[in-house]
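Below is one structure, written out as structure tokens, with a few remarks after it.
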Amino acid sequence: MMITERIQPNLVTINQLDAEDALDLIHEAQAYKAGKTVELKRPAYAMNLFFEDSTRTKSSFQMAELKLGMKIINFNSKTSSVNKGETLYDTLRTIESIGVDIAVIRHSENDYYKELLTKPNLNIGLVNAGDGSGQHPSQCLLDMMTIAEQFKCFRDLKVLIVGDIVHSRVARSNAQMLTRLGAKVYFAGPKKWYDKAFDQYGEYGDIDKLLPDMDVVNLLRIQNERLSQAEDDAINNEQYHEQFGLTHDRYDQMKENAIIIHPAPVNRGVEIDSDLVESPKSRIFTQMQNGVFVRMAIISRILRYRHAL
């Protein structure tokens, strides 16, 4: 397997990557999963700035950084100077000045990185670990790696994205990249959580009509934190599960070799029956494993750019 020695200063949106770039990152992630090791040319430092709650993404980036031999500088949003009015730009200039190479950022504001990229004095490597309902490039790539492990290629694969689509950065990133890679994308879920802007990537339809033909079922959780209080209060989890969740009856309608993916956290009994989370078709925990290797590949590109790898 040939891995191109590509370099990149930042990764903030999946739209920075064409199909060849994405496959190149997946191939490097697969090499890391197979046991590839690297040695840094110099000490390299990372800081993970998470302004939204996270278990998988934050710990996955930490593990990736440690596996690459980086040192992690602690950051706690609750005790940082952001709470004194410091801008994100000034925070990043500060940590760059003390020697941090890469900042991994999760933020509730869509496109928070756009202004940062216009700052000529900011030279720290940036990785977007999720911005509001905008982009989630590393989750997208680990999903693509998981699909590639099952099907080897993407051409004409049928992928159904189900759930709270309009508020989901995963839905947006995955729909964009799947289309780029040649897959056919479909959407299902509550009509009120679907936006016509997604029509450019695929078609919206009925879950029960679409499901039997799908190769991949990409479930999404309800993004409660992005809903108004009234919208959140109006949600009936049992009703949602009956109408749009992956029940046993729906699971039995899936193709024999079809797979289930989910960015997690999983709301058991809402978007999926609890005992289907670890069913034979589920790749949810495989995704988490693959996430470490994908993030190693992303960070490696930036470390090469910074002459640290």
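Pairs of Cα atoms under 8 Å, at least six residues apart: use those to get the relative contact order of the range 36-161, whole percent.
Once normalised by length, the contact order is 23 percent.
Any idea which of A171, Y204, M144 is furthest toward the positive side of the dipole for the range 137-287, if Lys and Arg beta-carbons carry +1 and Asp and Glu beta-carbons -1?
It is M144, whose Cα lies furthest towards the positive end.
Near the amide H of G269, under 5 Å away, which other amide H atoms are found, from residues 5 or more places off or on another chain, if H is placed in the peptide plane?
S274
Go through N290, F244, L122 and say which Cα lies farthest out towards the positive end of the charge dipole of the chain; charges sit on Cβ, +1 for Lys and Arg, -1 for Asp and Glu.
The residue sitting most towards the positive pole is L122.
Assigning unit charges at the beta carbon (Lys, Arg +1; Asp, Glu -1) and nothing else, what dipole magnitude in debye, to the nearest 20, does the chain show about its Cα centre?
Dipole size: approximately 1240 debye.
Helix 88-97 versus the longest principal axis of the chain: what angle, 0 to 90°, nearest 10, using Cα atoms?
The angle comes out near 40 degrees.
Pull out the extension gain between F151 and T87, defined as 0.36 nm times the separation in residues minus the alpha carbon to alpha carbon distance; nm, one decimal.
So the chain would gain 18.6 nm between F151 and T87.
Grab the other residues whose beta carbon is less than 11 angstrom from that of G125, score K and R as +1, D and E as -1, and report the net.
Spelling it out: positives minus negatives among the neighbours equals +1.
Describe numerically, in nm with one decimal, the distance between label points set 7 Å from Cα along Cα→Cβ at D53 and at H248.
Once both label points are built, they end up 3.1 nm from each other.
Could you tell me the relative contact order of the chain? Use alpha-carbon pairs under 8 Å, at least six residues apart, and round to a whole percent.
After rounding, I find 24 percent.
Which entries in the list K184/K209; K58/K281; K152/K281 go over 21 Å, if you measure between the two C-alpha atoms of each? Spell out each step's value before the answer.
Working: K184/K209 16 Å; K58/K281 26 Å; K152/K281 16 Å.
As for pairs spanning more than 21 Å Cα to Cα, those are K58/K281.
Residue by residue through the range 120-129, what is 3J(HN,Hα) from phi via Karplus (6.51 cos²θ - 1.76 cosθ + 1.60, θ = phi - 60°)? Round to whole Hz and write x for glycine and proline.
So the J values, rounded to whole Hz, are x, 8, 9, 10, 6, x, 10, 10, 7, 9.
With labels modelled as points extended 7 Å from the Cα through the Cβ direction, what inter-label distance (nm, one decimal) is found for M63 paired with E109?
Modelled inter-label distance: 3.2 nm.
Given L66, L17, V162, which one lies farthest toward the positive end of the charge dipole of the chain, if we put +1 on the Cβ of every Lys and Arg and -1 on the Cβ of every Asp and Glu?
Farthest towards the positive end: L66.
Please compute the alpha carbon radius of gyration of the range 137-287, then divide it by the globular-protein estimate 2.2 N^0.38 Å. Two decimals is fine.
0.96
Between beta-carbons, use under 11 Å as the cut-off and find the net charge around R180, counting Lys and Arg +1, Asp and Glu -1.
Numbers: positive: none; negative: D18, E20, D21.
So the environment of R180 carries a net charge of -3.
For the range 137-287, give the magnitude of the charge dipole about the Cα centre (Cβ charges: +1 Lys/Arg, -1 Asp/Glu; no others), in debye to the nearest 20.
700 debye
What is the sum of charges, Lys and Arg at +1 and Asp and Glu at -1, for the other residues whose Cβ falls under 15 Å from the Cβ of L116?
On the way: positive: R93, R106, K114, K119; negative: E86, D90, E96, E109, D111, E115, D131.
Net charge in that neighbourhood comes out at -3.
Of (1) 147; (2) 112; (3) 134, which is the value of volume of the Cα convex hull per residue in Å³ derived from the coordinates here?
Among (1) 147; (2) 112; (3) 134, the one calculated here is (3).
Pairs of alpha-carbon atoms within less than 8 angstrom and 6+ residues apart define the contacts here; what relative contact order does the range 137-287 have, in percent?
25 percent
Report the gain in length on full extension from F285 to K192: 0.36 nm times residue separation, minus Cα-Cα distance, nm rounded to one decimal.
Value of the extension gain: 30.5 nm.
Can you compute the helix-only [θ] at 222 nm over the chain? Use -39500 (n - 2.57) per DSSP H run of at least 4 residues, normalise by all residues, nearest 500 deg cm²/dmol.
Values: 11 runs with 115 residues, N = 309.
Here the helix-only value at 222 nm equals -11000 deg cm²/dmol.
State in Å² the accessible area per residue of the chain; use a 1.4 Å probe, count heavy atoms of protein chains only, and round to the nearest integer.
Details: 13720 Å² over 309 residues.
With the other protein chains kept in place, the chain gives 44 Å² per residue.
Calculate one ³J(HN,Hα) per residue across the range 22-35 by plugging θ = phi - 60° into the Karplus curve 6.51 cos²θ - 1.76 cosθ + 1.60, and present them in order as whole Hz with x for glycine and proline.
4, 5, 4, 5, 4, 5, 5, 4, 5, 5, 4, 5, 7, x
The values are calculated or read from the model by the stated rules, or taken from the named source; none is laboratory data. Keep in mind that what you see is a predicted model, and the values were worked out from it rather than measured. Don't worry about glycine lacking a Cβ; one is built from the backbone with ideal geometry, like all the others, and counts go over all protein chains shown. Accessible surface areas use protein heavy atoms only, side chains included; no ligands, DNA or RNA. Shrake-Rupley method; radii C 1.70, N 1.55, O 1.52, S 1.80 Å.
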